[in-house]
Amino acid sequence: MGTGRTLNKKPATRPVKAAGERRRRDMVQRKRLVALGMEPAVVSKLNAVQVRDYLRTPEKTRATFAK
């Protein structure tokens, strides 16, 4: 007895990320960087990969951008 086609459809097995959710996550991550001590002007110029790299090591980021 197989599982049928219902569980093999791509969107049913792995939902696609919505654009609104992606923007929300991006905004939350940028606010976290500002809370760690980075200047908002600097954060606004970072791309998504750089934002994630800084958030991977928050202690190092805080020490680097301490006021």
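Miscellaneous remarks
- Test result for Gly37, of a type in the set (Gly, Ala, Ser) and either touching a Ser or Thr at 6+ places or on another chain (Cβ under 9 Å) or touching a residue at least 24 places away in the same chain (Cβ under 8 Å) (or both): yes
- Scanning segment 53-67 for residues being closer than 19 Å to Arg22 by Cβ, loosely packed, with under 13 Cβ neighbours inside 10 Å and not acidic (Asp, Glu) gives a total of 1.
- Per-region count, segment 15-29, residues open to solvent by less than 80 Å² (accessible area, probe 1.4 Å) and farther than 12 Å from Arg52 by Cα: 3
The values are calculated or read from the model by the stated rules, or taken from the named source; none is laboratory data. Just so we're clear, the structure is a prediction, and the values are computed from it rather than from any experiment. Note that we place each Cβ from the backbone using ideal geometry, even for glycine, and neighbour counts take in every protein chain shown. Just the protein is used for accessible areas: all its heavy atoms, side chains included, with ligands, DNA and RNA removed. Shrake-Rupley method; radii C 1.70, N 1.55, O 1.52, S 1.80 Å.
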